[in-house]
Structures are given as structure tokens and as C-alpha cells.
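J.: Sharing a structure, written as C-alpha cells. Questions coming.
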Amino acid sequence: MLKKILIANRGEIALRVIRACRKLGVVSVAAFSDADAHLPFVREADEAHYLGPSPSAESYLRIDRLIDLAKTHGCEGIHPGYGFLAENAAFAKACEDAGIEFIGPDSGAIDRLGDKRHAKAVAEQAGVPVTPWVKCAGEADAETIKAVESIGFPVMIKPAAGGGGKGMHRADSLDDLKTLIPKAAREAKASFGDDALLVEKFLPAPRHIEVQIVADKHGTVLHFFERECSLQRRHQKLLEETPSPSLSPEQRKKICADAVAIAKAANYSNAGTCEFLFDEKAGTWYFCEVNTRLQVEHPVTEQVTGVDLVELQLRVASGEKLPLKQEQIKQNGHAIELRINSEDPFADFMPSLGYIEAFSPPQDEGVRVDAGYHTGDSVTQFYDSLMAKLIVHAADRKAATALALKALADFLVVGVATTIPFHMNLLQHPDVVAGKFDIHWVEKHMPELTKRGRSQEAAVIAALMEYRHLLKVRAAQGKAGELAFDPWSSSSLPRVR
């Protein structure tokens with residue numbers, strides 16, 4: 001087992017890795033920027049060392065600085081988390097060259113699968129269907145136009161590298177294509193340092209199904225079933241759940257087998273996710289891409305399988321064989337994850353920054369909260385808006401939904417706006433209750449989902465009542481100065497939830 005690792009990330013994922021390290025007796029080392037010096041992951045790590053200024057380009061994206069920190073402090077491995085450098089083949093290669101274990105796939109696998117064009121070729125080699133697609137440079141030249149016309153409009157333009165919806169555009173006509181390809185290339189270059197694109201057939205109403213896999217360095221590849229990730233806004237996932245309400249047992253078995261076949265064809269090791277677009281009406285799916293890292297939504301898989309995926313990552317990186325056989329991995333109950341972002345859903349999801357006056361997550365049985373912030377921390381403009389992940393696990397989907405709604409109502413956040421009221425609307429919509437949605441559903445129903453209702457108003461009042469009680473308790477303890485204001489004063493109310 002690795003004895004000491006550096007965590008090249010921040011917030012809740014850094015804390016998640018720290019917990020797994022503690023479980024295995026691995027010394028955890030946090031790397032932090034100026035903006036993050038106050039956050040919980042810095043305090044919770046066994047060691048914490050300064051990385052650089054707040055902008056990510058000067059800290060969390062500095063490969064040279066991360067390698068230097070790891071070597072200086074005797075770290076045998078580096079866990080990249082997700083985002084930042086997690087899918088960067090150059091970072092993995094730099095670790096390999098420095099004799100440091102990259103806790104993820106090797107640089108060759110990231111090269112083969114991190115580029116969507118190469119990944120599609122691997123899937124085709126494995127006999128897995130892919131959506132019709134063509135390679136594309138930074139402009140709509142005659143060859144590209146001819147190839148795209150053979151596919152037929154509408155099409156989706158995507159960066160070959162990276163993900164998260166950046167640089168993705170739908171083109172419904174040749175004029176759209178000519179306008180959007182250069183735009184997508186510029187965005188891809190700015191986001192991922194690579195302006196290579198691909199253009200693929202746009203499916204009108206697919207669902208987004210992804211399969212979690214973990215492979216060791218001894219040739220074993222296991223799947224940990226699927227996750228339903230169709231509820232998205234601007235290609236960013238909002239809610240993830242497992243099992244998917246759209247798959248039959250036979251379809252589940254086959255799509256998971258396809259994911260394993262892709263991983264084997266790519267000679268993959270460590271954790272990864274194979275993503276598919278599922279045409280529910282036709283009962284067919286197409287390979288989309290591989291995320292060569294741990295996913296934000298991995299906790300729902302952990303809840304239904306009872307397997308610690310980060311522990312497996314550390315064991316695989318240490319050279320161990322996977323301690324499980326496929327038949328031992330079962331789906332038990334239903335799990336849902338909701339991303340609690342510091343955004344205002346009633347103001348077009350505008351980022352909400354500032355001091356967190358109160359942060360009190362729910363603590364019911366079956367509720368898990370992976371949070372990167374506590375009361376007294378500050379949300380800054382330097383990084384993404386994810387504050388916490390609310391995960392619930394119950395006997396079935398109906399029970400999990402009810403538990404999620406209760407947990408959302410009990411989740412107290414004062415000081416910044418969050419997506420909590422949006423999620424309350426989302427979970428109560430009849431289509432979501434019935435499991436009838438696709439990847440375009442949220443955008444079509446946004447006016448309904450961002451309408452503040454009585455339940456949200458009641459939740460705000462309840463939060464303020466709880467906050468008032470907190471003020472009284474702090475005052476009695478002589479700690480009133482730790483809270484900056486009284487929401488019941490004549491001054492304006494704080495932004496709650």
C-alpha cells in the first residue's frame with residue numbers, strides 16, 4: 001500500500017480522498033492556494049502545504065509545482081480528484097517520469113480515451129456502437145461540410161479533449177455549422193489547450209447513462225453498474241441516480257458488459273466511467289466517451305453497492321489485485337445525488353459568492369453529505385460553484401425521492417444562495433417522479449423549475465427561524481460576534497438557500 005500521497009485538488013473531493021486515506025492508514029497531504037487556506041480539507045489532511053496564488057493557472061494547474069511538492073514531502077503517489085488535471089495525460093506522464101504513482105489510469109490510457117475521437121475508435125474496436133461522427137479542424141472546410149452532410153443535420157459540435165459541456169454547440173444547418181465550428185474551436189483551445197473538434201449526429205431525445213468501471217493492473221475489469229445522468233443544464237449534471245429507471249435488467253447487463261469491453265480494449269486500469277446515449281424508444285445505445293477519472297457522482301454507486309471506490313483506486317495504484325469478483329457486486333436499493341451549488345436558480349443560476357454565515361447539513365439515516373465548506377468559510381470567484389453533494393439511499397426510488405426532499409428542507413445555508421430550492425422543484429415534478437425525461441428535459445422545463453413556490457418560501461422561513469435560534473445560542477455562549485448579522489433586524493435579509 002502507498003504510504004503517503006499528495007491530493008492535487010480541493011474542496012469536497014479532497015476531503016473524500018482524505019477519508020479513504022485515513023481508512024487505509026495512508027498519510028494524506030493537501031495542497032492549497034491562497035483562496036483555500038481556510039477550507040476544511042486543509043485542516044483535515046495529515047499535512048498541508050502551500051501551492052500558489054488563488055487563480056488555478058497559478059496553483060492547481062501547475063504540474064511542475066505539484067510534482068515538486070510531492071517529491072519534497074516524500075509522497076509516493078498523487079490523487080488528482082476530478083477537474084483540474086485529473087484527465088491530463090501530460091500530468092500523468094510527469095508523475096510517471098518522476099517515479100510518482102498517478103492514482104488513475106496511465107498516461108497512455110488517458111491519451112487513448114481522453115480524446116473523444118480516439119475513444120470512439122477504441123469502442124468500435126471493442127464492437128460497441130458509436131454515434132455517427134467525423135473529425136473536424138477549426139473551420140468548416142469543404143471536406144468537413146461534405147462529411148457532416150452525409151451524417152445529416154442536426155449535429156453536435158464537441159471539443160475532442162475535455163468535457164463538462166464547454167465548447168459544445170448544436171448546429172441545425174450549414175450556416176450554423178460554419179459559424180459555430182470556429183467558435184467551438186476557440187472555446188476548446190481556451191478551456192483545454194486543444195482546438196481539435198469532432199462533429200457527431202445529434203440524437204433528439206436520448207438519455208445519458210454511464211457505467212462505473214474499475215480495473216486493476218493484472219487484467220481484471222469490473223463494472224459497478226450504471227448511473228442515470230439525464231437531468232442536465234447546459235450539459236452539466238444536476239441530479240444523478242442509480243439504478244436507472246429506464247433500463248430493463250437485460251439492457252443493464254448488456255450496457256455494463258459494453259463498458260467492460262471498452263476498458264479491456266483500452267488496456268485500462270484504475271477507476272473510470274463509460275458514457276452512453278440511450279435511445280429509450282428504440283432500446284439502443286451509443287458509446288459517447290470515457291471519463292478517465294473518478295466522477296463527481298461516484299457516491300451514488302458507493303451507496304447501492306457498498307463499495308468504497310476511492311479505496312479501490314488506492315489499492316489498484318498500490319499494485320494490488322481487485323479484492324472482488326463481478327458476481328459479488330450487487331445493486332441494493334436506490335440512491336440519488338443532488339449537487340448543492342452556490343448559484344441563484346431564480347437569477348439564471350448566477351454564481352453566489354461570499355461569507356457563509358451558517359451551514360448545517362441534514363443528518364438523517366440514509367443521508368450522506370460530502371461538503372467542501374463549513375460555517376465561517378467563504379465562497380470565492382476562483383473555482384467552480386460546487387459546495388456540497390447531498391446523497392440519499394433508500395429501499396426504492398420513491399423512498400429515496402421522499403428522503404431527498406426531506407433532506408433538502410432540512411439543509412440550512414445562510415449567506416449565499418444555493419440550488420436547493422431548484423432541486424425541491426425538480427424532485428416534485430410529475431415527469432421526474434415518473435422517471436420520464438431525457439437530456440433536453442431540464443432546458444425545456446426551466447420556467448417551471450425556477451418558479452419559487454410555497455414549499456420554498458416555507459423552507460426559507462424555517463431556515464431563518466433556525467438561524468435566529470443559532471444567534472441566541474451563540475449570544476448565550478458569548479460568541480455572538482462570530483455571526484455577522486441578525487436576519488431579523490431592519491437591514492436586508494441574507495440570501496438563504
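The values are calculated or read from the model by the stated rules, or taken from the named source; none is laboratory data. All of these numbers come straight from a predicted model, not from anything done at the bench. Neighbour counts are summed over all protein chains in view; Cβ atoms, including those assigned to glycine, are modelled from backbone coordinates with ideal geometry.
J.: Kindly evaluate Glu187 against the criterion of being more than 30 Å from Leu247 (Cα to Cα), touching a Gly at 6+ places or on another chain (Cβ under 8 Å), surrounded by fewer than 21 Cβ atoms within 10 Å (Cβ to Cβ) and in contact (Cβ under 8 Å) with a residue 24 or more places away in the chain.
T.: On the way: more than 30 Å from Leu247 (Cα to Cα): yes; touching a Gly at 6+ places or on another chain (Cβ under 8 Å): yes; surrounded by fewer than 21 Cβ atoms within 10 Å (Cβ to Cβ): yes; in contact (Cβ under 8 Å) with a residue 24 or more places away in the chain: yes.
Yes: the conditions hold for Glu187.
J.: For the range 96-104, state whether one or more residues are touching a Ser or Thr at 6+ places or on another chain (Cβ under 8 Å) and crowded, with 24+ Cβ neighbours inside 10 Å.
T.: Looking for residues that are touching a Ser or Thr at 6+ places or on another chain (Cβ under 8 Å) and crowded, with 24+ Cβ neighbours inside 10 Å, one finds at least one in the range 96-104, hence yes.
J.: With a cut-off of at least 3 residues that are in contact (Cβ under 8 Å) with a residue 12 or more places away in the chain and of a type in the set (A, V, I, L, M, F, W, C), name the helices (runs of 4 or more DSSP H) lying wholly within the range 40-124. Lay out the reasoning, then the answer.
T.: Working: elements: 40-44, 63-72, 89-97, 107-114.
Helices (runs of 4 or more DSSP H) meeting the threshold: 63-72, 89-97, 107-114.
J.: Let me ask something additional. Right, Ser191: closer than 26 Å to Glu280 by Cα and of a type outside the set (A, V, I, L, M, F, W, C) or not?
T.: It is false that Ser191 is closer than 26 Å to Glu280 by Cα and of a type outside the set (A, V, I, L, M, F, W, C).
J.: While we're here: Which ones in the range 357-405 are without any contact (Cβ under 8 Å) to a residue 12 or more places away in the chain and either in the same structural domain as Ala37 (by TED's automatic domain parsing) or under 19 Å from His298 (Cβ atoms) (or both)?
T.: none
Let's see how each residue does on (1) surrounded by fewer than 18 Cβ atoms within 10 Å (Cβ to Cβ); (2) within 23 Å of Asp396 (Cβ to Cβ):
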| site | (1), (2) |
| --- | --- |
| Glu320 | yes, no |
| Lys325 | yes, no |
| Leu338 | no, yes |
| Phe349 | no, no |
| Gly372 | no, no |
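J.: Conditions first: (1) touching an Asp or Glu at 6+ places or on another chain (Cβ under 7 Å); (2) of a type outside the set (A, V, I, L, M); (3) not in a loop (DSSP other than H, G, I, E, B). Gly138 passes all but one, so which condition is the exception?
T.: (3)
J.: Okay, next question. Criterion first (in contact (Cβ under 8 Å) with a residue 60 or more places away in the chain, closer than 27 Å to Lys120 by Cβ, touching a His at 6+ places or on another chain (Cβ under 8 Å) and of a type outside the set (Ser, Thr, Tyr)) does Phe287 satisfy it?
T.: Values: in contact (Cβ under 8 Å) with a residue 60 or more places away in the chain: yes; closer than 27 Å to Lys120 by Cβ: yes; touching a His at 6+ places or on another chain (Cβ under 8 Å): no; of a type outside the set (Ser, Thr, Tyr): yes.
No, not satisfied.
J.: Residues that are within 21 Å of the chain's Cα centre (by Cα): which strands (runs of 3 or more DSSP E) entirely in the range 331-427 hold 3 or more of them? Reasoning before the result, please.
T.: Numbers: elements: 334-341, 358-360, 367-371, 386-394, 412-414.
The qualifying strands (runs of 3 or more DSSP E) are 334-341, 367-371, 386-394.
Table: residues versus (1) in contact with a Phe, Trp or Tyr (Cβ under 8 Å, 6 or more places away or on another chain); (2) surrounded by 20 or more Cβ atoms within 10 Å (Cβ to Cβ); (3) among the charged types (D, E, K, R); (4) modelled with pLDDT of 95 or more.
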position: Val214; (1), (2), (3), (4): yes, yes, no, yes
position: His218; (1), (2), (3), (4): no, no, no, yes
position: Val221; (1), (2), (3), (4): yes, yes, no, yes
position: Phe225; (1), (2), (3), (4): no, yes, no, yes
position: Glu228; (1), (2), (3), (4): no, yes, yes, yes
position: Leu231; (1), (2), (3), (4): yes, yes, no, yes
position: Leu239; (1), (2), (3), (4): no, yes, no, yes
position: Glu250; (1), (2), (3), (4): no, no, yes, yes
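J.: Among the numbered criteria (1) touching a residue at least 60 places away in the same chain (Cβ under 8 Å); (2) closer than 26 Å to Ile262 by Cβ, which one does Ala137 miss?
T.: Exception for Ala137: condition (2).
J.: Mind counting the residues in the range 125-158 that are closer than 24 Å to Phe276 by Cα and not β-branched (Val, Ile, Thr)?
T.: Here the count works out to 16.
J.: Return yes when Phe91 is of a type in the set (Phe, Trp, Tyr) and either modelled with pLDDT under 95 or farther than 30 Å from Phe359 by Cβ (or both) and no when it is not.
T.: yes
J.: A follow-up question, please. So in the range 58-84, with the set limited to residues that are at pLDDT 95 or above, among the small types (Gly, Ala, Ser) and within 24 Å of the chain's Cα centre (by Cα), which one is surrounded by the fewest Cβ atoms within 10 Å (Cβ to Cβ)?
T.: Across the range 58-84, the extreme among qualifying residues is Gly77.
J.: Please work out which one of (1) surrounded by 15 or more Cβ atoms within 10 Å (Cβ to Cβ); (2) not in a loop (DSSP other than H, G, I, E, B) is the condition Glu443 fails and give its number.
T.: In the conditions (1) surrounded by 15 or more Cβ atoms within 10 Å (Cβ to Cβ); (2) not in a loop (DSSP other than H, G, I, E, B), Glu443 misses (1) alone.
J.: Still on this structure: Return the only residue of Asp36, Asp46 being surrounded by 24 or more Cβ atoms within 10 Å (Cβ to Cβ), outside the structural domain of Asn291 (by TED's automatic domain parsing) and not aliphatic (A, V, I, L, M). Before you say what the answer is, go through the steps one by one.
T.: Numbers: Asp46 fails: surrounded by 24 or more Cβ atoms within 10 Å (Cβ to Cβ).
Criteria check complete, one pass: Asp36.
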